Amino acid sequence: MKLLLVIASDETYSFIASYVRPLGFELIRYRHPLKAMDNIDEVDPDGVIISGEDFPRHWKTLVQFIRSERPKDKTAIVILKGPNFPFEEAAKASYIGVSGIVSEHLSDPEELDRLQGILSRYLPIDDGRRSKRVRPGPWDRFGFIAYNPGDHTLITGTIETISATGLAFIPDNAPSIQQLGLDTILSECSLRVGDRILSPVCKLVRTGKIVSFHFESFPEGEQNILNSYIQERPLRERKYIQNNPDSIET
């Protein structure tokens, strides 16, 4: 499946690419809507993601151009909205055939869930490729430490969400990470998963108060350890609640 990303921001593109590529998409990127319009037939995408934040005056033209020949059941269109995206624009988007709208700031796990929901509604994403993110609870045991190649310190903090393909992380020292460029590879990482310590190679895909890392690779067998631990989470949660009934909110 081909996914066309019309995004000017390298940071936004890198973050989205790290999330949707594991779902099985071949990614094609254009930094300007006019270039995308010129090549839409050649690319022949199954889905299109357009940054309304980067192109506030052009995204509607691009959507209408695509919809003139490609209905929703042929090509899904998602708009990334910025903080100044008014309700009226959302109404226009729906009217001209946009499949869905999500926030430009995808550090929010709910926005990532919304993006995946839109894509899976219109595109045949294999269930085996879906990457379920979880927020660690008291029944989980996750931890993450990495060596910062920029200032030679340890990156420490708290895991906000984690999946089989990466994690969102609240660092103890955000400024030290912001000095690193996006797509920086961190080869010395330690990921606690239950009673095991894994050694993924990670790529920095987003910075800010919450930073995001994509798991580029694991030593042999370690990816299966992480996958199994995430899949077994409902059993741990049920056991924890049975042993700690007062933890249930009423």
Inset, instruction - Quote the accessible area belonging to Leu235 in square angstrom, nearest 10, computed with a 1.4 Å probe and with ligands, DNA and RNA left uncounted. - result: 110 Å²
Inset, instruction - Could you check what % of the DSSP bridge pairs in the chain are antiparallel, to the nearest 5? - result: 60 percent
Inset, instruction - Return a whole-number percent for the relative contact order of the range 142-241, with Cα pairs under 8 Å and 6 or more residues apart as the contact set. - result: 24 percent
Inset, instruction - Among Val43, Val20, Val211, determine the one that fluctuates most according to a GNM of the chain built with springs between C-alpha atoms less than 10 Å apart. - result: Val43
Legend entry - Val134-Asp10 pseudo-label distance in nm [points 7 Å out on the Cα-to-Cβ vector]: 3.6 nm
Inset, instruction - Name the longest site-free stretch of the chain, where the excluded sites are GluC sites (Glu not before Pro) in a DSSP loop with no more than 14 other beta-carbon atoms within 10 Å. - result: 70-187
Legend entry - Rounded to whole Hz, the Karplus (6.51, -1.76, 1.60) HN-Hα couplings of the range 139-153, x for glycine and proline: 8, 9, 9, 10, x, 8, 9, 9, 8, 7, x, x, 10, 6, 10
Inset, instruction - Quickly work out the Lys92-to-Asp113 label distance, labels modelled 7 Å from Cα along the C-beta direction, and quote it in nm with one decimal. - result: 3.1 nm
Inset, instruction - Search the structure for amide H atoms under 5 Å from the amide H of Leu186, placed 1.01 Å from N in the peptide plane, and list their residues when 5 or more places away or on another chain. - result: Cys202, Lys203, Leu204
Inset, instruction - Specify the longest stretch of the chain that does not include any exposed loop site, a site being one of the trypsin sites (Lys or Arg not before Pro) with a non-H, G, I, E, B DSSP assignment and at most 11 other Cβ atoms within 10 Å. - result: 58-208
Legend entry - MRE, 222 nm, helices only [DSSP H, n ≥ 4, -39500 (n - 2.57), over the chain, to nearest 500]: -9500 deg cm²/dmol
Inset, instruction - Could you check the simple spin-label distance between Arg31 and Met1, using points 7 Å along Cα→Cβ, in nm with one decimal? - result: 2.8 nm
Legend entry - Total lysine pairs whose alpha carbons fall under 16 Å of each other in the chain (8 or more apart, or interchain): 8
Inset, instruction - Quote the FRET efficiency, to the nearest 0.05, computed for Ile170 versus Lys72 with a Förster distance R0 of 45 Å and r equal to the Cβ-Cβ distance. - result: 0.75
Legend entry - Residues with amide H under 5 Å from that of Arg141, placed H, sequence gap 5 or more: Gly194
Inset, instruction - Could you tell me the distance between the Cα centroids of the range 130-173 and the range 32-84, to the nearest Å? - result: 34 Å
Legend entry - Asp195, Asp44, reordered so the largest accessible area comes first (probe 1.4 Å): Asp195, Asp44
Inset, instruction - Ignoring everything but the protein chains, give the 1.4 Å probe accessible area of Ile225 in square angstrom, nearest 10. - result: 40 Å²
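The values are calculated or read from the model by the stated rules, or taken from the named source; none is laboratory data. Just so you know, these numbers come straight off a predicted model, no measurement behind them. Don't worry about glycine lacking a Cβ; one is built from the backbone with ideal geometry, like all the others, and counts go over all protein chains shown. Protein only, heavy atoms only, side chains kept; ligands, DNA and RNA dropped before computing areas. Shrake-Rupley method; radii C 1.70, N 1.55, O 1.52, S 1.80 Å.
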